[in-house]
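Chemist: Have a look at this one before I ask anything.
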């Protein structure tokens, strides 16, 4: 594994070393490394035949599945840059991201494509929702007997049929480790998402560090409920393929007991979740009555989990230890972890920097502050993004003097353990998704009955944090506006961004400059 320099080498090296090993479990079926690698090679060759050039952006709009894994590594093998699309995005969101980073190829799952874009058999002229143009090359995974779908009258290339005639050998495209591997979109302070650009070097170095502290081996088998489009979910795939371990997918988290059953039946050695994953398991499943003889460890990241909940999780999964972790999309996933042996002494801490990362509390210039003082948490390391695609002004706000400014306010104790105490940016962390309050406010302001809108994050038992909207409305609109808003917002926002609570006031508290005082609203 020492020579692994590229993200797609994770799959290639494991296919060399463990060809017939069970690599990926989905929908009741195991897929081997040999099979996944061969299919990824064929798809890579199809993409090259369609004109994919080194560095071209190719978007993935697919739920966790073997098709996702094959598509992800195929794009990288062809020298392309993957663009992960959240599966809850609207057609307008997909069009925005495609335009923002110049996506040339879009690989989608059939059901998701149909739901988002409206689809018809090729040859008909179905209307595409008014979202702007889709990328020039559309590829859709479908059942072999299904006709190729069309979007807005444009035929898509059907997969896997279209690549089955290609050879399954390595396409042999040359890349270097500072080539871009992925662009991962994360909400910006301006309200529009921006793409964090991650190189092969960023992801490989971070993958190695995670493998290191979790002590992962080929015998490890991770239970995945987090989506692969999310940086934490993707790191589960990459770390396990790096060591030749196995990945178990189950997308039925609406039925948590079904997932726990899969986890036990497939002998999962690891489980990963964001705070909402664990609150759902603790409140809506038989977790406490079940045992997992093969479970070796549990990890949590994606926002702060209250120490009270951490204690419940530790108890429910014992004797498997809990790793509390901290990171960012901009850091290829991981920046720090708390050694489980220190958890009982350091409840609420995010621990210390992982291997190959410096992490400390700093002043505005990035100068380290002494223990006990509050400042911004900053990082340096080979895992940090090169910047936000096409957004130099946003990049300059977070990458300064060779450091990444996380936007989190923290302090370090006398022993060097870090604690997050707040956030500098107006962001809400909803079940692991970072959402800009401004984006929700702008959608609310589109309603003709709304005069002013302010959105704040409020504690939520399941999601960790949920958006709440405080509104000033026109007198004539006051009756019935709260009933209208959820369906009004559904056309404009992904479901998880829609506020759960609303409050109507006569006015919003402001400072002398007219800025809404969100602290007062919280």
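Chemist: With 452, 503, 465 as the choices, which residue is in contact (Cβ under 8 Å) with a residue 40 or more places away in the chain, farther than 30 Å from residue 335 by Cα, part of a strand (DSSP E or B) and outside the structural domain of residue 361 (by TED's automatic domain parsing)?
Modeler: 452
Chemist: Here are the criteria: (1) in a strand (DSSP E or B); (2) surrounded by fewer than 20 Cβ atoms within 10 Å (Cβ to Cβ). Tell me which single one residue 457 does not satisfy.
Modeler: (2)
Chemist: Next up: What number of residues within the range 205-238 satisfy the criterion of being in a helix (DSSP H, G or I), free of Cβ contacts under 8 Å to residues at least 40 places away in the same chain and either out of contact with any helix residue (DSSP H, G or I) (no Cβ under 8 Å at 6 or more places or on another chain) or closer than 14 Å to residue 24 by Cβ (or both)?
Modeler: 1
Chemist: Which ones in the range 1-16 are modelled with pLDDT of 95 or more and assigned to a loop (DSSP other than H, G, I, E, B)?
Modeler: Answer for the range 1-16, where residues must be modelled with pLDDT of 95 or more and assigned to a loop (DSSP other than H, G, I, E, B): 6, 7, 8.
Chemist: Given the criterion within 23 Å of residue 430 (Cβ to Cβ), at pLDDT below 95, touching a helix residue (DSSP H, G or I) at 6+ places or on another chain (Cβ under 8 Å) and in the same structural domain as residue 313 (by TED's automatic domain parsing), identify the matching residue among 256, 275.
Modeler: Criteria check complete, one pass: 275.
Chemist: Could you pull out every one of the strands (runs of 3 or more DSSP E) wholly within the range 323-439 that has 2 or more residues that are in contact (Cβ under 8 Å) with a residue 40 or more places away in the chain and out of contact with any helix residue (DSSP H, G or I) (no Cβ under 8 Å at 6 or more places or on another chain)?
Modeler: 333-338, 357-362, 375-381, 403-412, 418-423
Chemist: Condition (residue is crowded, with 17+ Cβ neighbours inside 10 Å, farther than 22 Å from residue 193 by Cα and touching a helix residue (DSSP H, G or I) at 6+ places or on another chain (Cβ under 8 Å)) applied to the range 493-501: is it met by at least one residue?
Modeler: No, because not a single residue in the range 493-501 is crowded, with 17+ Cβ neighbours inside 10 Å, farther than 22 Å from residue 193 by Cα and touching a helix residue (DSSP H, G or I) at 6+ places or on another chain (Cβ under 8 Å).
Chemist: Provide a single number: the residues in the range 69-109 that are crowded, with 24+ Cβ neighbours inside 10 Å, more than 19 Å from the chain's Cα centre (by Cα) and in contact (Cβ under 8 Å) with a residue 60 or more places away in the chain.
Modeler: Result for the range 69-109: 2.
Results for (1) crowded, with 19+ Cβ neighbours inside 10 Å; (2) in contact with a strand residue (DSSP E or B) (Cβ under 8 Å, 6 or more places away or on another chain), shown as yes or no for each residue.
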{"residue": "355", "(1), (2)": "no, no"}
{"residue": "364", "(1), (2)": "no, yes"}
{"residue": "369", "(1), (2)": "no, yes"}
{"residue": "381", "(1), (2)": "yes, yes"}
{"residue": "400", "(1), (2)": "no, no"}
{"residue": "410", "(1), (2)": "yes, yes"}
{"residue": "416", "(1), (2)": "no, yes"}
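The values are calculated or read from the model by the stated rules, or taken from the named source; none is laboratory data. As the structure is a prediction and not an experimental result, all values here were calculated from the model. Counting neighbours? That spans all protein chains shown, and the Cβs are built from the backbone with ideal geometry, glycine included.
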